[in-house]
Amino acid sequence: MAAELRLMIPTKESVEPDDRQLVRTIRDGDGEAFEHLVRRKTSKVYSLCYRIIGNAEDAKDIAQLVFIKLWENLEKYDPAYAFDTWLYRIVTNVAIDFMRNKQSRENAVNSNLRLVKTSTDAEQGVIVQRKEIEQVFNAVSSVLSPKQKTIFVMREMDDLPSSEIAKILGCRESTVRNHLFNARKLMQQQLKKRFPEYSRLWEERT
Amino acid sequence: MISCQNFRANVPTRTPEVLEHLRKCDACLEYAVSVDPDNFFRAIGGEELEPPGGIDAFTADVMAQVRLREAEGSVARRVLVAPRRLAAAAAVVVAIGAGWVAYENRQNVGPALSRSAPAESRRYVLTTKPVVETYQSQNATIVEVPSEGKNDVQVVMIFDDSLPADL
């Protein structure tokens, strides 16, 4: 009896529509469903934008633009494919465009900047702070192309498999791996040049 | 979260449990990087971040922009419908204009002669003739016309080839 009752009470999962159902509802003209979708995907989209762009305010603007593009192009979504893959494709397109424009403006300014490391001492062993790694990453990844950086972030920070990244970017998996290899190489060189105290960690093994 | 011992035993792998430990445990970070340098940057991933101001404010901003674009879209749709109406209005205007021109032409055919005179007179353009304020010449011939009475205008004629012809 108790089991039967439990079956009749809707669980959270059964009430919560999945992404495809939400898209269908939005296409049927339900504006609230879109709001629901934005709320559901905000953290995912914003996190990726932030890691690619490295600036909270710019990342917020780009994330908003992503959702507007999503709303404008929702008719083009093919439910045969995973919604997140399609969403990530919009994110990467918008973010890469933004990075290309930004890079051309800032390349000259950033090339000679060096982050001043304050709280660690290379000779006495590195006590690495995550916030510092984030800063180091933002500094050394500035040498990467927008596509290389996007791929690196999706693979190493968002833990997406190469096959998924290839689907998102509409390229071959081997291209993704190639970009990853080059990105690592370039960042290692930058790390050695600008943050020798950290590069020691890398060199110990390589 | 798995224990540090468990993590260190499994760190070369990239299972969700290993990644979770990597991103949360400061004590194991350096070891993880020494095993695989890629763990250095991998350590800052994973966590889902919130935009500045929070998700509610962010969603409200997005929805406001969507509504604005929706309103702009409906105006654009109206503008797209409007060409037909504009074409009809333009046709009416052209028809009225053509009718008026035809009416004017018909009016002009009859009294053409009577109308032509004032039309001609209107074509004259008044222009200012050149003014010579000072004049000196050795070759001029000056003829003074004798005046007839007090109210008569004094006329002086100067004949000189060096003066402007239309003076």
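Tabulated values for the structure
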{"quantity": "Full-stretch length increase - A:GLU35, A:CYS171 - with 0.36 nm per residue and alpha-carbon distance subtracted", "calculated": "45.8 nm"}
{"quantity": "Segment A:ASN101-A:GLU72, length gained on full extension (0.36 nm per residue, minus Cα span)", "calculated": "8.2 nm"}
{"quantity": "Those residues of the stretch B:3-51 for which accessible area with every protein chain present is at least 50 Å² below the isolated value (1.4 Å probe)", "calculated": "B:ARG14, B:LEU29, B:GLU30, B:PRO37, B:ASP38, B:PHE40, B:PHE41, B:ILE44, B:GLU48, B:LEU49"}
{"quantity": "Cβ-Cβ FRET estimate between B:GLU70 and A:ARG89, R0 fixed at 30 Å, reported to 0.05", "calculated": "0.80"}
{"quantity": "Accessible surface buried once A binds B (1.4 Å probe; total of both sides; Å²)", "calculated": "3900"}
{"quantity": "Projected-area average for the stretch B:4-49 over all orientations - Cα convex hull basis, square nanometres", "calculated": "2.9"}
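The values are calculated or read from the model by the stated rules, or taken from the named source; none is laboratory data. No experiment lies behind these values; they were computed from the predicted model shown. Note that we place each Cβ from the backbone using ideal geometry, even for glycine, and neighbour counts take in every protein chain shown. SASA here: full protein model, heavy atoms, side chains in, ligands and nucleic acids out. Shrake-Rupley method; radii C 1.70, N 1.55, O 1.52, S 1.80 Å.
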